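Have a look at the structure below, then the notes.
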């Protein structure tokens, strides 16, 4: 392959993945107009249209999608091998991209990252907060952090947190106006604070359990949010009932800002796990980060 074609393929992959000349240009450090001209020249040499352009979006054509699906993994393999070669250096180096929820970022990553980054100054960590259960391969993340039961098959998973219990909480001011629910069905009479899940395009159904009985409750409510901490704060402010991790609510319950309800229906879930593709070779930097985050009982 000529160097010209190799460079043009790199540009095409950036635009096709980002679905935007502007975002791809920012990623590559060049102007959108320069990328557009590169793509036009590449298409002219191939004699095939690779990208369909409108005033608002860019998307691969059938030929472009085929090229994206076949070439992208090979570029990833090249980058992986180059990262492996870099391991011959004495010090770990590179950027590690992580996708996780705000809860995982605040409870697992931020308490441990300062010490890790101070120990390895040539390592960079990029954390992207996302409730969408991203495909870490397609979205080019190195690792993800999710609850153990949310980790996809074929991934290597490492526990980074203890099992976690969720609780239903509401402010005393809210419960003074609305009788506490005695059974899950009573939630239909309450103003519940819902969580939007981008991947599924719907609202999270509260997963309740008592003994062998399990219920996925789709609860009503005026307020929909996309983050655990926002839900907690809304509950503290009297906005309704929220279903949140117990450790986040505990201090507020102890100080009287929140009250727990339906305690016997509040389940424990597998704790947070860091995961990454089994076929991807871990860099030294990533191996060290995993060990730094590994949960030790």
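None of the figures in this text is laboratory data; all of them are computed from the coordinates on show. Please read these numbers as outputs of a predicted model, since none were measured by experiment. Note: ideal-geometry Cβ built from the backbone for every residue, glycine included; neighbour counts use all protein chains shown.
Things to note:
- For 269, 6, order by how many other beta-carbon atoms lie within 10 Å, fewest first: 6, 269
- D_trans [Stokes-Einstein, Kirkwood Rh over alpha-carbon pairs] for the chain, 20 °C, 1.002 mPa s, µm² s⁻¹: 97
- Cα-projected label distance for residue 246 with residue 54, points at 7 Å along beta-carbon direction, nm: 4.9
- Amide N proximity, region 148-169 versus residue 297 label position 7 Å along Cα-to-Cβ, cut-off under 18 Å: 148-149, 157-165
- Rounded to the nearest 10 degrees, the angle from helix 3-18 to the longest Cα principal axis of the chain is 20 degrees.
- Normalised Debye scattering of region 102-155 at q = 0.14, 0.25, 0.30 Å⁻¹ gives log10 I(q)/I(0) of -0.44, -1.12, -1.29, counting only Cα atoms as equal scatterers and leaving out solvent.
- Whole-Å semi-axes of region 27-113's equivalent ellipsoid (Cα gyration tensor): 34, 20, 14
- Residues 112, 182, arranged from fewest to most other Cβ atoms within 10 angstrom of their Cβ, appear as 182, 112.
- The helix-based estimate of mean residue ellipticity at 222 nm for the chain, built from -39,500 (n - 2.57) per DSSP H run of four or more residues and divided by its residue count, is -11000 deg cm²/dmol to the nearest 500.
- The slack between residue 269 and residue 213, meaning 0.36 nm per residue of separation minus the straight C-alpha distance, is 18.7 nm.
- Size estimate for region 226-278 follows the Kirkwood approach: the inverse of mean 1/r over distinct Cα pairs works out to 12.7 Å.
- Helix 32-46 axis, angle to the chain major axis (alpha carbon atoms, nearest 10°): 60
- Alpha-carbon centroid distance for the pair region 38-75 / region 253-278, whole angstrom: 45
- Global geometry of region 3-71, whether rounded, prolate or oblate, following the gyration tensor of its Cα atoms and the 1.5 cut on a/c: rounded
- Under the Debye formula (equal points on every Cα, no solvent term), log10 I(q)/I(0) of region 164-269 at q = 0.11, 0.21, 0.22 Å⁻¹: -0.29, -1.14, -1.26
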